[in-house]
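**Student:** Quick one: the structure is below, questions incoming.
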Amino acid sequence: MREWLELWFPNVMVRLPEFYKAIRDTLTMFSVAGAFVFVLGLALGVLLTVTRRDGILRNAVIFQALDKAINVFRSIPFIILLTLLLPLTRFIVGTAIGVRGAIVPLVIGTVPFFSRQVEAALANIDGGVIEAAQSLGMSSLGIIFRVYLWEGIPMLARAATITAISLIGSTAMAGAVGAGGLGDFAIKYGHNRFMVDVTWVTVAALVLLVCAVQIVGSLIARATTH
Amino acid sequence: MIRLEHINKTFSDKSGLIHAVRDVTLRVRPGEIYGIIGHSGAGKSTLVRCVNLLERPTSGQVWVDGVELTALRAGELRKARKKIGMIFQQFNLMAGRTVFQNVAIGLQYSGLSRAHIRERVERLLSFVELEGKANVYPSQLSGGQKQRVAVARALANEPRVLLCDEATSALDPQTTQSILSLLQKLNRELNITIVVITHEMSVIKKICQRVAVIEHGAIAEENEVLGLFANPRQQVTKDFLYTTSSLSGVYPLVREDSPVVRLKPGEVLLLMRYGTTQVCQPLVSRMSKQFDLEINILFGDLEIIEGAPMGGTAAIFHGTPENIKSALKFLEAEHITVEVIRDARMA
């Protein structure tokens, strides 16, 4: 087995510790940035939903400001956002390079996308159900947590899956500016030093990660759809 | 129990200002079942939403159970809403919660213990005859069962009032009857005042004591259901009544000039609508004898509304002009509403 691997993936096998570290770095970026994206995106998506014209906390000022800000950030390509945010990143985490430095742009680049996904997911919830909750005397906070977020779970799980997969893509891209991780690994050896086997193995690792995320997301969506 | 004072509601949209409710003033008495009937777009759904302020009226006051809701602050209004149940055409259950959780949702964070909530939900489910369905999700229920869950949910906080917005319009006729019977049961046994919004006269006829007919956002006519059937004053009311009465069958025949309604000279085609007591008298045979008339009955309709008979007859009267005139006078004296549909008498 080992000989076989060394025959087909020679450049990976001599850099195994580095390869494992790249996987760990990618998973760290993915999970830390993902946690922030999930919480912030969910909050902003809910805020968009409740402040819109027919929302339960209608507020044109907040809605318009948020709506426009999300559009602006969504129109900036991630690779440009990375450099654009350098000063902010340094201010927040003290460095603009490495895994830590990548997390700030990853969060800021993905939150607007996830907010829109959350908004779209919650828009599927029937207004009549919200009306029924109001008629029961539920508070706005109660409606957000016990109706929107509860009824929306299957659709939110799908939205989170799509966002998570897009986030994995972004972590690889962050590698290009020295963030480490699988993207960095592939560019450093596979691209710059023509080690094609490194590229293949990196791709395989990313595909596995994406598949795992997709399977978990689909399972949650299916289990919560009644 | 419910007092609406000069309620107006306007919406503005691209096409301009829409006056959905116009100066509506009405009172619903404690313990009664009050109907509001109107065509779709007449503003009846907006009006009923003004009662629990799901729609805030542009002007006017809303009083429920002695409290002016329009003067309450948000928190107080939420508390007041708990005492005003509401059910909807599309049931509006939460798909992600079981029947039990749907009914219990209004009770959570209300200071009741878990055991207390469980006990009350089970009692409600047995009241709406859904024992054994507590752990089922709404998607596994039929339309009628879903509406029963919605009723149980609306009753969870022991309201004094129940608002029904087209609650039977998505149901088949048989299920409609069972839901209407359920509403009657909770009206009688729990003494809950009910407001029923509908576009179906049959619903009004089955359970309501009083009714308001609404057209273009305003009340066209308000009356006891019995009085409304006996003596509709507005055209819109007549239109609604015809939808439930087989007597209306005479109009298309007249329009098509069917041989059945063609008159010989001297004849007249009348539509007589009876109130309550007169039906018990043999009117037709009395007129026939007393005024020497031949009376050919085309349509007859008799129904029991709120326990009293109510109905009408469409018939061709044949006789001398004087005798027909006397018969008309006789009918007038008996307080029977007469409509001359065709007249072939000599001038």
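**Student:** Quick test of your reading of the structure: A:T163 fulfils all but one of (1) within 11 Å of chain B (Cβ to nearest Cβ); (2) buried (at least 23 other Cβ atoms within 10 Å of the Cβ). Name the failing condition by number.
**Tutor:** (1)
**Student:** So how many residues does region B:2-19 have that are on the phi > 0 side of the Ramachandran plot and in contact (Cβ under 8 Å) with a residue 40 or more places away in the chain?
**Tutor:** The qualifying residues number 1.
**Student:** Quick one: which of B:I197, B:I219, B:I192 is more than 23 Å from B:L247 (Cα to Cα), touching a residue at least 40 places away in the same chain (Cβ under 8 Å), in contact with an Asp or Glu (Cβ under 6 Å, 6 or more places away or on another chain) and crowded, with 17+ Cβ neighbours inside 10 Å? Step through it out loud before you land on a result.
**Tutor:** Working: B:I219 fails: in contact with an Asp or Glu (Cβ under 6 Å, 6 or more places away or on another chain); B:I192 fails: in contact with an Asp or Glu (Cβ under 6 Å, 6 or more places away or on another chain).
The unique qualifying residue is B:I197.
To keep it simple, each residue is scored yes or no on (1) surrounded by 21 or more Cβ atoms within 10 Å (Cβ to Cβ); (2) in contact (Cβ under 8 Å) with a residue 24 or more places away in the chain; (3) acidic (D, E); (4) not in a helix (DSSP H, G or I).
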residue: B:V21; (1), (2), (3), (4): yes, yes, no, yes
residue: B:R27; (1), (2), (3), (4): no, yes, no, yes
residue: B:P30; (1), (2), (3), (4): no, yes, no, yes
residue: B:G35; (1), (2), (3), (4): yes, yes, no, yes
residue: B:A42; (1), (2), (3), (4): yes, yes, no, yes
residue: B:Q61; (1), (2), (3), (4): no, yes, no, yes
residue: B:G75; (1), (2), (3), (4): no, no, no, no
residue: B:M94; (1), (2), (3), (4): yes, yes, no, yes
residue: B:G106; (1), (2), (3), (4): yes, yes, no, yes
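**Student:** Then there is this: Run down B:V203, B:V196, B:V211, B:V151 and say which single residue is within 14 Å of chain A (Cβ to nearest Cβ) and touching a helix residue (DSSP H, G or I) at 6+ places or on another chain (Cβ under 9 Å).
**Tutor:** The conditions single out B:V151.
**Student:** Of all residues in region B:243-265 being of a type in the set (G, A, S) and surrounded by fewer than 15 Cβ atoms within 10 Å (Cβ to Cβ), which is farthest from B:I37 (Cα to Cα)?
**Tutor:** My answer is B:S258.
**Student:** With the condition kept exactly as written, say whether any residue in region B:124-137 is at the interface with chain A (Cβ under 10 Å from one of its Cβ atoms) and either surrounded by fewer than 18 Cβ atoms within 10 Å (Cβ to Cβ) or in contact with a Ser or Thr (Cβ under 7 Å, 6 or more places away or on another chain) (or both).
**Tutor:** Of all residues in region B:124-137, those at the interface with chain A (Cβ under 10 Å from one of its Cβ atoms) come to B:136-137.
Those left that are additionally either surrounded by fewer than 18 Cβ atoms within 10 Å (Cβ to Cβ) or in contact with a Ser or Thr (Cβ under 7 Å, 6 or more places away or on another chain) (or both): B:136-137.
Scanning region B:124-137 turns up at least one residue that is at the interface with chain A (Cβ under 10 Å from one of its Cβ atoms) and either surrounded by fewer than 18 Cβ atoms within 10 Å (Cβ to Cβ) or in contact with a Ser or Thr (Cβ under 7 Å, 6 or more places away or on another chain) (or both).
**Student:** With a cut-off of at least 1 residues that are under 30 Å from B:S45 (Cα atoms) and either in contact with a strand residue (DSSP E or B) (Cβ under 7 Å, 6 or more places away or on another chain) or modelled with pLDDT of 85 or more (or both), name the helices (runs of 4 or more DSSP H) lying wholly within region B:187-273.
**Tutor:** By residue number, B:201-207, B:225-230, B:235-244.
**Student:** Check A:G181 against each of (1) more than 11 Å from chain B (Cβ to nearest Cβ); (2) buried (at least 21 other Cβ atoms within 10 Å of the Cβ); (3) closer than 19 Å to A:L40 by Cα and name the one condition it does not meet.
**Tutor:** Failed condition: (3).
**Student:** Just a yes or no: is a residue in region B:137-149 touching a strand residue (DSSP E or B) at 6+ places or on another chain (Cβ under 9 Å), assigned by TED's automatic domain parsing to the domain that holds B:N191 and within 25 Å of A:G127 (Cβ to Cβ)? Can you show your working first?
**Tutor:** Step one: filter region B:137-149 for residues touching a strand residue (DSSP E or B) at 6+ places or on another chain (Cβ under 9 Å), giving B:147.
Subset that is assigned by TED's automatic domain parsing to the domain that holds B:N191: B:147.
Filter once more, keeping what is within 25 Å of A:G127 (Cβ to Cβ): B:147.
Yes, region B:137-149 contains a residue that is touching a strand residue (DSSP E or B) at 6+ places or on another chain (Cβ under 9 Å), assigned by TED's automatic domain parsing to the domain that holds B:N191 and within 25 Å of A:G127 (Cβ to Cβ).
**Student:** Which numbered condition in (1) modelled with pLDDT of 95 or more; (2) more than 8 Å from chain B (Cβ to nearest Cβ) is the only one that A:I153 fails?
**Tutor:** (2)
**Student:** Determine which member of the set A:A176, A:A157, A:A212, A:A120 is of a type outside the set (S, T, Y), surrounded by 19 or more Cβ atoms within 10 Å (Cβ to Cβ) and part of a helix (DSSP H, G or I).
**Tutor:** A:A157
This table checks each residue for (1) at pLDDT 95 or above; (2) assigned to a loop (DSSP other than H, G, I, E, B); (3) closer than 29 Å to A:A221 by Cβ; (4) more than 13 Å from every other protein chain (Cβ to nearest Cβ).
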position	(1), (2), (3), (4)
B:F91	yes, yes, yes, no
B:H116	no, no, no, yes
B:E158	no, yes, no, no
B:C164	yes, no, no, no
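The values are calculated or read from the model by the stated rules, or taken from the named source; none is laboratory data. Note that the structure is a prediction, hence the values are computed from the model and not measured. In this analysis, Cβ positions are derived from the backbone assuming ideal geometry, glycine residues included, and neighbour counts consider all displayed protein chains.
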